[in-house]
Amino acid sequence: MTSATARVALRSAPGARSRRLAAPILVALWALLGIEAAGGLVIYCARIAFGTTPGEAFHVAAGLALLPVWIVYQWNHWLRVRPLRPLLDYTVGLLAASSMALTNLTGVALGALWWRDRVARALPAARVPAALSAAHLSGTMLVLTFVGAHVGAVLLRDARARGRR
């Protein structure tokens, strides 16, 4: 059996998806993504409404925790689904992963600026370029859009495959 055939057999084994959905790395990823999304929304709304940014330190710390979890998850996911195929779920998944990479990179840059200003210099607020903040916010919206679309496309593909059996 070739490695590609073995991967397909493993992927389609009964209960394989439920085991993957309960895997600690995926549970940690979803929890950290939820915390980051909620925290980012609070920071965004508070900045607009009140000119404050509550929970920034927690958001930066959770983002730093999220980064290695996402990298490990994404690497394992790629090893399972490779090679890239011209299918809807693969295309949207690639967009989701690219959006997440953009959001992580801009988040690390924002976190470094936050550390420089708030911790190292003890300033009352971090000074960040508006374009960097906008790229991070835009990336976040793209992640939410494409991750949801990717999961939906995978579920649709699987439902169609079950209908053909």
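Where a number appears in this text, it was derived from the coordinates with a stated rule and is not lab data. Keep in mind the model is a prediction, meaning the values are calculated, not measured. For neighbour counting, all protein chains shown are included, and Cβ atoms are generated from backbone atoms with ideal geometry for every residue, glycine included.
Descriptive notes on the structure:
- Checking each residue in the range 108-150 for being farther than 19 Å from Ser98 by Cβ and of a type in the set (Val, Ile, Thr) picks out Val119, Val128.
- Against the test of being free of Cβ contacts under 8 Å to residues at least 24 places away in the same chain and closer than 25 Å to Gly51 by Cα, the options Leu132, Leu84, Leu113, Leu94 yield a single qualifying residue, Leu113.
- When the range 99-108 is filtered for residues that are surrounded by fewer than 18 Cβ atoms within 10 Å (Cβ to Cβ), under 12 Å from the mean Cα position of the chain (by Cα) and touching a residue at least 40 places away in the same chain (Cβ under 8 Å), only Leu102 remains.
- Residue satisfying all of: in the range 43-81; on the phi < 0 side of the Ramachandran plot, free of Cβ contacts under 8 Å to residues at least 40 places away in the same chain and not in a helix (DSSP H, G or I); surrounded by the most Cβ atoms within 10 Å (Cβ to Cβ) among these: Pro54
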